[in-house]
Amino acid sequence: MLKRSLLVLAISAAATLPAFAHLDPGEHGSFAAGFSHPLFGLDHILAMIAVGLWAAQQGGRAIWMVPAAFVGTMAVGFALAIAGVPLPFVEPVILASVIFIGIAIALALPIPTPAVAAMVGFFAFFHGHAHGGELGEAGAWQFAIGFMLATALLHAVGIGAGVLLSRVSGKLLTRVAGAATALGGLYLAFGA
């Protein structure tokens with residue numbers, strides 16, 4: 001009972017953290033700031049772990065191809081934001097990514113790996129643009145290396161969770177995690 005209560009408390013505390021993912025641009029520009037950036041926004045955490053879950057659910061070459069597509073395309077979105085190229089609907093698309101990827105995991109549809117990589121790449125472009133949209137030129141690439149590494153690590157957490165969940169329950173718990181992700185995205189979009 002104590003373990004369950006502590007788990008509920010930890011999840012509740014994490015869910016109530018303010019979204020610090022978009023800090024004051026003056027505080028950006030270092031590897032440490034970039035690395036911490038995806039770790040303090042629930043939308044980023046849910047999306048990055050969900051990408052890993054989806055890759056694990058797909059299996060095979062998706063385990064490396066899907067996260068690589070996300071990180072690579074995110075870097076392109078970041079570069080264009082730094083260059084001053086505008087992109088509309090960045091935050092709504094980021095929230096949509098959490099909901100969409102969660103639903104895709106929950107439904108476990110047989111989608112070819114290149115199509116999954118293209119879908120997460122689309123969303124990654126917006127995530128990257130958000131990372132670069134508030135950042136000036138100073139230290140931009142150190143910041144980028146930090147957030148790309150943190151993103152890859154969150155993908156690895158999702159892959160590890162997906163592999164573990166599939167061993168425990170087949171596809172059931174992974175699908176439940178996808179549904180919970182989609183609900184988390186809906187909460188962020190409409191309830192937060």
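Each value in this text was obtained by applying a stated rule to the coordinates, not by laboratory testing. Bear in mind the structure is a predicted one, so any value in this text is a computation, not a measurement. Every residue, glycine among them, receives a Cβ derived from its backbone with ideal geometry; neighbour counts consider all protein chains shown.
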Going fewest to most other Cβ atoms within 10 Å around each Cβ, 48, 119 line up as 119, 48
Counting only residues 5 or more apart in sequence or on a different chain, those whose built amide H sits under 5 Å from that of residue 30 are 143
Hits in the stretch 83-101: amide N under 18 Å from the 7 Å Cα→Cβ extension of residue 134, namely 83-96
A correct Kirkwood calculation over the Cα atoms of the stretch 28-191 returns a hydrodynamic radius in Å of 15.4 Å
Taking the alpha-carbon centre of each part, the distance from the stretch 114-159 to the stretch 78-106 in Å is 10 Å
On the formula 1/(1 + (r/R0)^6), with r taken between the Cβ atoms of residue 115 and residue 171 and R0 of 25 Å, the FRET efficiency rounded to 0.05 is 0.85
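When the dipole is taken about the Cα centre of the stretch 28-191, and only Lys, Arg (+1) and Asp, Glu (-1) are charged at their Cβ, what size is it in debye, to the nearest 20?
620 debye
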Exposure-ranked with fewest Cβ neighbours within 10 Å first, 73, 113, 174 stand as 113, 73, 174
